[in-house]
Amino acid sequence: MTEERPVYLSPKNRTVRRRTQQAFGRDGTATEPAEADSSDREWPACWDAAASLLEWSDPYECIVDTENAPFYRWFVGGRLNAAENCIDRHLEERKNQVALRWEGKRGERRTYTYYDLYREVSAVAAALRELGVEEDDVVTIYLPKLPELPITMLACARIGALHNVVFSGFAPNALAERMQRVDSRALVTCDGSFREETVIDQKRKADTALASIEESLPTIVVDRLGSSHDTHLGGNQYDYDDLVEAFAGANVSPVPREATDPLFHIHTSGTTGEPRRMTHATGGYLTGVAWTAQTVFDLAPGTTIWCTADAGWITGHSYVVYGPLLSGATVVLAEGGLRYSDRHRPWEVIERNGVEVFYTTPGVIRTFMKWGESFPSSHDLSSLRLLGSVGDPIGPDTWEWYYTYVGEERCPIVDTWWQTETGCVLISVRPGIDELKPGSVGPPLPGIEIQIVDEDGRELPPGEPGYLTIDRPWPSMLVPLEGDRYWILAEYWQAFSDPRADSWRYFTGDRAIVGDNGYVTIIGRDDDVITIGNRRIGTAELEAAITTVDGVTEAAAVAERTIGETVLCVFATLEQGQQDRTAIRDAVADAVVEHIGEFARPASVVFTPELPETYSGKTMYKLLERIVNDRPPTDSDTLRNPEVVGELTTIWNQE
Ligand code: ATP
Ligand code: MG
């Protein structure tokens, strides 16, 4: 531990700062200057300040151990427990404050105070132990957006077990694979869930996966469907409520974990290929998340945040569960996917719960745009003070709509760039401090150093597009488990590092441009960038151009390779009621020519009801590319809307 212990960021001494409660100018900066950010200190001391947001059972001896770079070890020697940090330490001051508000698809509501969470998490922790789960074991959680999802995650953390949340929409084989990859010792699932009018038999999917694993793993089953549905519990399967009742009042001391001990496993979205299994370490991950919860999302005790991500993705881990609870905030959890819900529901959820911070994806915002502004406009959204976006580039048009109709020209928007691998947001404007610039994700956060480089790893000047790399380690970075080092080196470090000089640079897989002002514009994934002639065009840039056309809501452009040349093909979705397709087709081509250049004029513009998307809401360019190049689309268990594949192939072949 460094000698100078910063007290000004410590949760006990910190004066709670809610920057977004101040008035905002159109540029997003506060009208009164914000107090200086203490994390503007030198690296790595800035991370010492961030780590002081947590309660440590034992102090760390060093901030970052660079001995085995690039496998950095953060806060070595320190010990802490994640559940204790999220729950126990709030009990003294805000035991009766609401920690979680849940809204079910059938109109049910449940609220949990911090004390309620404490009791239920302790009971589930005791039950897991009773079922044989020990420290360092992995528990897979296969639950939709139910309160039991964060509760079980925290119960694992309390006893030092690792959680491995698998998105509940995945099919049995995807679940089995993700359980086997982490040697899961137990499973938590539910009887079923609702999708529109139908009931999904989650338990049957789980049983199928379990049967293929050929091991009788202890399984806890949450009763979501109630008395209308009778679930058969086989041997070694237990009803969640029975366990909570049996272990009510259990006193389970949080197990102090080494800062470098793993906290959980999670898989990437699988947008570009096979999803990769990630591991995050306790001290570093929690530091990154606690600090960004405060700095980027302006969370403070009592702030109500609704992050619409499923906890099956890193966004759900960091900003539905850990970030908000570490901050003593109130989490809103709404069951079901927003895009399948009643069009008033998103706005009702905000209105009813007094949501202050709303965080979602550009895909969801584009759906809201498609539905029209009359829906948000007919609700009282005055509780909102900050909006966020993540996962894909948010084009300027979508940004403007979000700013105008959801934020009512009052709420700053944080467009946050990060990855499963990075654990927390690394590039974003800080509300109240940095100016907002639609189309750009903003500057790297203090403590984060990025560089844009060319193929040979040479740093490029501002304004030149290149590979987005990260120059210095950050606390919430991915950590290797045994057997991971080789592929992690190959995947993230090899391209731009010089091991002989012990110089390490992380490659994000994305391309970007940095402006003179240090603001970063994401061009797209390196794999998705299209080369026409000698020019490389980013998917983000193309989409931003195409969606300027009235009537077009979403677009994706891919390269069609014919003998001797590559041409551009555009897939677009239209606003409801748009009839004049020929005019729109011409307008799309003109928009590409105007914004990018004549060389990029699309060879075809195809309209489709939907674009292929991952479950986490990202456009799957790879699949479109296979379709236009007459290669049969490969099966992907990460595709949310598989039905669109056949439709797209037919539409394409009719062109
Ligand atoms: P996989 O790695 O399995 O192909 P994935 O990269 O989609 O899937 P995630 O870790 O969920 O998995 O997503 C991280 C990626 O999402 C980033 O590398 C970037 O391409 C994109 N991304 C995230 N936030 C933003 C943003 N604000 N603007 C533009 N792109 C973003
Ligand atoms: Mg990725």
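Applying a DSSP loop filter and a limit of 13 other Cβ atoms within 10 Å to the GluC sites (Glu not before Pro) in the range 558-639 leaves nothing. Name the residues whose placed amide hydrogens come within less than 5 Å of the amide hydrogen of G336, ignoring near sequence neighbours (fewer than 5 apart) on the same chain. When sequence neighbours closer than 5 places are left aside, the close amide H contacts are K145. The listed residues E148, E464, once ranked by accessible area (1.4 Å probe) with the largest placed first, stand as E464, E148. Building the convex hull from the alpha-carbon atoms of the range 499-599 and averaging its projection over directions returns 9.6 nm².
For K622, no lysines have a Cα closer than 18 Å to its Cα, not counting residues fewer than 8 places off in the same chain.
Set against the 2.2 N^0.38 Å expectation for a compact globular protein, the range 308-375 has a Cα radius of gyration ratio of 1.14.
Starting from one equal scatterer on each C-alpha and no solvent at all, send me the Debye-based log10 I(q)/I(0) for the range 570-634 at q = 0.12 Å⁻¹, two decimals. Log-scaled intensity ratios, in q order: -0.38. Along each principal axis, taking the top coordinate minus the bottom one, the Cα set of the range 114-255 gives 39, 33, 25 Å in descending order. Legend: P(r) of the range 261-385 from all alpha carbon pair distances, 5 Å bins from 0, whole percents, reading 2, 10, 18, 20, 19, 14, 9, 5, 2, 0.
Would you list, by chain and number, the aspartates and glutamates whose Cα falls below 14 Å from the Cα of K145, excluding same-chain residues fewer than 8 positions away? Result set, ordered by chain and number: E103, E108, D191, D223, D310, E335.
Take the Cβ-Cβ distance between A45 and D456 as r, set R0 to 22 Å, and report the resulting FRET efficiency rounded to the nearest 0.05.
About 0.10, to the nearest 0.05.
The range 603-646 and the range 353-430 have Cα centres lying 25 Å from one another. Here the scattering of the range 330-475 is modelled by Debye summation over its C-alpha atoms, one equal scatterer each and no solvent; at q = 0.20, 0.22 Å⁻¹ the log10 of I(q)/I(0) is -1.26, -1.45.
Here the range 114-255 is treated with +1 on each Lys and Arg Cβ and -1 on each Asp and Glu Cβ, and its dipole about the Cα centre works out to around 360 debye. Eigen-decomposition of the gyration tensor built on the alpha-carbon atoms of the chain gives equivalent ellipsoid semi-axes of 37, 30, 26 angstrom, largest listed first. Three semi-axes describe the equivalent ellipsoid of the range 528-654; taken as square roots of 5 times the Cα gyration tensor eigenvalues and ordered largest first, they are 21, 18, 13 Å.
The values are calculated or read from the model by the stated rules, or taken from the named source; none is laboratory data. All values reported here derive from a predicted model rather than from experimental measurement. Cβ atoms come from the backbone with ideal geometry, glycine included; neighbour counts cover every protein chain shown. Note: accessible area is taken over every heavy atom of the protein model, side chains too, but ligands, DNA and RNA are not part of it. Shrake-Rupley method; radii C 1.70, N 1.55, O 1.52, S 1.80 Å.
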